[in-house]
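This report refers to the structure that appears directly beneath it.
The values are calculated or read from the model by the stated rules, or taken from the named source; none is laboratory data. Worth saying up front: this structure is predicted, and the values here are computed from it rather than measured. When we count neighbours, we look across all protein chains shown, and the Cβ atoms used for this are built from the backbone with ideal geometry, even at glycine. The protein model used for the area step is the full one, side chains on, heavy atoms only, and it has no ligands, DNA or RNA in it. Shrake-Rupley method; radii C 1.70, N 1.55, O 1.52, S 1.80 Å.
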Amino acid sequence: MKGSISNKKVKILMQILRAFFSFALLKDIIYTFLFYLLNRVYGLIKVNKGKNIKIRPHVMLRDPERIYIGDNSTIGAYNVLWAGKKEAVIKIGKNVMTGPYVKIFAFNHGTKVSDIPMIKQPETEADVIIGDDVWIGAGVIILPGCKIGNGVVVAAGSVVTKDIPDNVIVAGIPAKIIKERK
């Protein structure tokens, strides 16, 4: 009885070791490293940065040559900033703070009903402009074509789908003005 338990443990250990030293694991490690190089290292090199900015860990910067970050701004951990694939830019003003997991997109996939599957339809693009002294809470999503005014607070979890005027607090899905800042 004792020998069979021991044999089972050895078999399980061998399966774990085979899985750990598999081609799939090696492929995942290489893919993760390349993903990091493309989305973090290349992004940090090519993004247009102002003075005294902070970009927290695990930020993904896609098409970074069309991303502009103003002086004294902080981009929170796990943010995704994805500029347009051809022209559309993301412009972040001075003294802007983003919480973790914020997503800002300057492009979208085509969605027309046609013989062409959505994945193959041409993308649409529009600039995203964020003013100065803006606080964007955790988990906010900002969609293409949105302009956020100066002094705005975007509450956590909101989805910005249209322009926001200066000095207001917005919240919700879609984001709506809930209060003026005075």
Leu34 accessible area, nearest 10 Å², 1.4 Å probe?
-> 100 Å²
Treating cross-link reach as a plain straight distance, find the lysines whose alpha-carbon is under 20 Å from the alpha-carbon of Lys103, omitting any fewer than eight places away in the same chain.
-> Lys46, Lys49, Lys54, Lys85, Lys86, Lys91, Lys94, Lys147, Lys162, Lys176
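With a Förster radius of 30 Å, plug the Cβ-Cβ distance of Phe33 and Arg56 into 1/(1 + (r/R0)^6) and report the FRET value to the nearest 0.05.
Taking R0 as 30 Å, the efficiency between Phe33 and Arg56 is 0.90.
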With the dipole of the stretch 4-143 worked out from charges on the C-beta (+1 for Lys and Arg, -1 for Asp and Glu) around the Cα centre, which of Ser114, Ala77, Ala19 lies farthest toward the positive end?
-> Ala19
Phi angles of the stretch 84-97, converted by Karplus (6.51 cos²θ - 1.76 cosθ + 1.60, θ = phi - 60°) into ³J(HN,Hα) in whole Hz with x for Gly and Pro, give x, 6, 10, 10, 4, 10, 10, 10, 10, x, 7, 6, 9, 10
For Cys146, list long-range residues whose amide hydrogen, built 1.01 Å from N in the peptide plane, is under 5 Å from its own amide hydrogen.
-> Ile129
What is the magnitude of the charge dipole of the chain about its Cα centre, with +1 placed on the Cβ of each Lys and Arg, -1 on the Cβ of each Asp and Glu, and no other charges, expressed in debye to the nearest 20?
-> 1000 debye
Once both axes come from the Cα atoms, what is the angle between helix 23-36 and the longest principal axis of the chain, in degrees from 0 to 90, rounded to 10?
-> 20 degrees
Please give the helix 2-20 orientation as an angle from the longest Cα principal axis of the chain, in degrees from 0 to 90, rounded to the nearest 10.
-> 40 degrees
Along the stretch 60-71, Karplus-curve 3J(HN,Hα) (6.51, -1.76, 1.60; θ = phi - 60°) to the nearest Hz, with x for Gly and Pro, reads 9, 10, 9, 6, x, 5, 10, 10, 10, 10, x, 3
Eligible aspartates and glutamates near Lys182 by straight Cα distance, threshold 15 Å, same-chain separation 8 or greater = Asp133, Asp166
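Using helices alone, what [θ] at 222 nm do you get for the chain, with -39,500 (n - 2.57) per DSSP H run of 4 or more residues, divided over all residues and rounded to the nearest 500?
Working: 3 runs with 38 residues, N = 182.
Result for the chain, helices only: -6500 deg cm²/dmol.
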